[in-house]
Amino acid sequence: MAHSHNGKVYEGVLHQLKAYIETNHLKPGDKLPSERELSEQLQVGRSSIREAFRAMELLGLIETKRGEGTFMRAYRPYHMVELLSNFLLNESRTREELVAAKRMLEKEALMRVAGKVSTDQIKVVDHIFEEFNGEEMHLKLFHYLFEVCGQHLLLSMWQFISGFTKTVHIIEYDPDWYESVRHLLQSGTPEDVLDLFATP
């Protein structure tokens, strides 16, 4: 029965993990039990724990060190996990809302870097355009731009939302759109970014 409400199970696991962390007073740098141990303690499947871990890692709350285990990173932005998980796992959310949120974050990244990228950074963008296409190109491009503007929380939110929208939304921007983005990066203004996003 559980698998038919996978979203709900996963949401529940996030809350259980949060309660576990609070009860045990885990602080940044503290180690979390293994997936197997948590799955036994919380009485949920390992795949649910893994999914919850993945979401927490994307949000920068925990980090996994190879061969060592999973550790607490930040503790404060917990409300962020609840906010996003409740929002994204609520089945009434439409594809359009997720896509709108994604576009809003992408617009923000472009606003911050318009006209400010260096020659070397443009070379990286050109390399992404040459090596990839379609959705993969889009994801790599914006991942890079969020890094350029140093907005790691926005990057985490964007990755999290992208992960959910990927299954329902195939990105099909016109090649001209990317050409405009490249031009913007070199010599655009925030107003140009607004124009670019004004038309779907």
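Selection of region 57-71 for residues being more than 13 Å from SER34 (Cα to Cα) and either open to solvent by 30 Å² or more (accessible area, probe 1.4 Å) or over 20 Å from the mean Cα position of the chain (by Cα) (or both) yields GLU57, LEU58. Look at GLY150 and say whether it is over 23 Å from the mean Cα position of the chain (by Cα) and not in a helix (DSSP H, G or I). Considered against the rule, which asks whether it is over 23 Å from the mean Cα position of the chain (by Cα) and not in a helix (DSSP H, G or I), GLY150 comes out as no.
The values are calculated or read from the model by the stated rules, or taken from the named source; none is laboratory data. Keep in mind it's a predicted model, so treat the numbers as computed, not measured. Protein only, heavy atoms only, side chains kept; ligands, DNA and RNA dropped before computing areas. Shrake-Rupley method; radii C 1.70, N 1.55, O 1.52, S 1.80 Å.
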